[in-house]
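Here is the structure we will look at, set down as structure tokens.
The values are calculated or read from the model by the stated rules, or taken from the named source; none is laboratory data. Everything numeric in this text was worked out from a predicted model, so none of it was measured. A quick note on method: Cβ atoms are made from the backbone with ideal geometry, for glycine too, and the neighbour counts reach across all protein chains shown.
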Amino acid sequence: MKKNIFQNSQIIKVSLLTTLVAFVISCNKDLPQATPIIYPPANNSSTSIGTAISTDTSYSFFKAAVTKAGLMAALSDSTSLFTVFLPNNNAFRVSGIPSIGVVNSLPLAKLVPLIQYHIIPGQQYASASVPTSFPNIQLPSYLTIGTLPGTPLALKMSVFLSARTNGFWDNNIPVVVPDLKFNNGIVHLVAALVSPPAQVLKAAIYNNPNLTYFKAAIVRADSGQSGLHKLDSLLGYAVTNMTVLAPSDAAFQTLIFGLAFQSYLDQVSKIHPPTGSDTANAVATANGAVAAGPAFLSTNNVTTAEVAGIMAYHFLATDQGAGFQPNIRAFSVNFSSTPSFYTTLVNTVVSVHPGVMAKATFAGPFVTNLQFTGLGTFPPGGAPYTGAAATATSLDNHCVNGVFYIIDKVLLPQ
């Protein structure tokens, strides 16, 4: 592999220390408040959101939930302002809550955060106010959670609104009817419940039995590092805002098999042209490497620099004026249906690196397939972005500090 990325992975980590300090400090600031939108008089301008919910039986599930959560009085207050992403009864049903009885049986510890996450207090946000640029706009919801690992602060849980020509979304949930205006705000009807995140990326990824190699790769990439130098620290820090592409165990096994197989034949080729027997021995060697499991990534068969360079390529990053940082939370619906490039932490060393190529396939407002293609090929030497694309087999795994995707191929940055 070339030296310009992998052998400079220590520079990646040094750059992370300086850029992430600024990033973490900025994350602790209050989010900017949007400018309220003043609407002309409308037919329902004399009606509050709470009154509409209470009188329309299409929203009886939400009415029951809001009442039990103690929020009906707030939504009925004509002196307040809200943006509400409102699920009707069918949206509850498709989300696995089939009846009001089930709504009323939910414990408050689960119900209150769920309902609060559908409400943005203090402002009314119309669909026309949502930018169409990648990835989305972040707004604080009604939901505040207590202390989490990685931060001593209570956090306001944000929602992430996005709009494109084919839709308008709260996180990855489509809005089916936008811009219903009331005297205390605006309502957007959503296709399903918008669930709040419950754990940080580190907990969700490390506890996933299909991501044991990814966890081992993070450990190896962080070898000899501490604090904000470590990818592990980022995954566990609640105020970061990341998009992580996590290759499955099978994806790593395929890569490890190929690395071991190719390495064996490369050594043989220095002596004589490989024979059938040599190929059989290469297969046996490669199978042995796979049999070693995630521990293979801690051996001298691969270098820390190589693993760190590959891992950096699986964290999206952008430069917003302070160097490349893992500072975006991109849902599947935020990626383009046209193959497009998205920069990563590799760009902390190679600023002109084109990044990862991604393509989303839509059916209406829903993503039915999401693929990522790396710059590099295996064996090395192929034309850029000609390797098989990695398909996201698990989409939009939403966590407190970001979103992760499980992909079926390890991406190579060169």
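Brief remarks on what is shown
- Residue in the stretch 342-355 that is at positive phi and at pLDDT 95 or above present: yes
- Residue in the stretch 184-203 that is in contact (Cβ under 8 Å) with a residue 24 or more places away in the chain, among the polar types (S, T, N, Q) and under 19 Å from residue 310 (Cβ atoms) present: no
- Residue match in the stretch 393-400 (condition: crowded, with 20+ Cβ neighbours inside 10 Å, among the aliphatic types (A, V, I, L, M) and either modelled with pLDDT under 95 or farther than 24 Å from residue 167 by Cβ (or both)): yes
- Being of a type in the set (Phe, Trp, Tyr) and part of a strand (DSSP E or B) is not true of residue 378.
- Criterion violated by residue 341 - all others in (1) touching a strand residue (DSSP E or B) at 6+ places or on another chain (Cβ under 6 Å); (2) buried (at least 21 other Cβ atoms within 10 Å of the Cβ) satisfied: (2)
- Across the stretch 340-371, the qualifying residues are those that are of a type outside the set (Ser, Thr, Tyr) and in a helix (DSSP H, G or I), and the one among them that is nearest to residue 244 (Cα to Cα) is 345.
- The selection criterion, being surrounded by fewer than 19 Cβ atoms within 10 Å (Cβ to Cβ) and either assigned to a strand (DSSP E or B) or not aromatic (Phe, Trp, Tyr) (or both), does not hold for residue 307.
- Top-ranked residue in the stretch 164-180 [being surrounded by fewer than 20 Cβ atoms within 10 Å (Cβ to Cβ) and in contact (Cβ under 8 Å) with a residue 40 or more places away in the chain; ranked as nearest to the chain's Cα centre (by Cα)]: 174
- Which listed residue is surrounded by 19 or more Cβ atoms within 10 Å (Cβ to Cβ), modelled with pLDDT under 95 and not assigned by TED's automatic domain parsing to the domain that holds residue 395, from 161, 153, 148: 148
- Here the condition is being touching a residue at least 40 places away in the same chain (Cβ under 8 Å) and over 17 Å from residue 302 (Cα atoms); of 259, 255, 235, it holds for 235 alone.
- Residue check, residue 184 within 20 Å of the chain's Cα centre (by Cα), more than 18 Å from residue 235 (Cα to Cα) and crowded, with 19+ Cβ neighbours inside 10 Å: no
- Scanning the stretch 381-397 for residues that are out of contact with any helix residue (DSSP H, G or I) (no Cβ under 9 Å at 6 or more places or on another chain) and assigned to a strand (DSSP E or B) returns 391, 393, 394.
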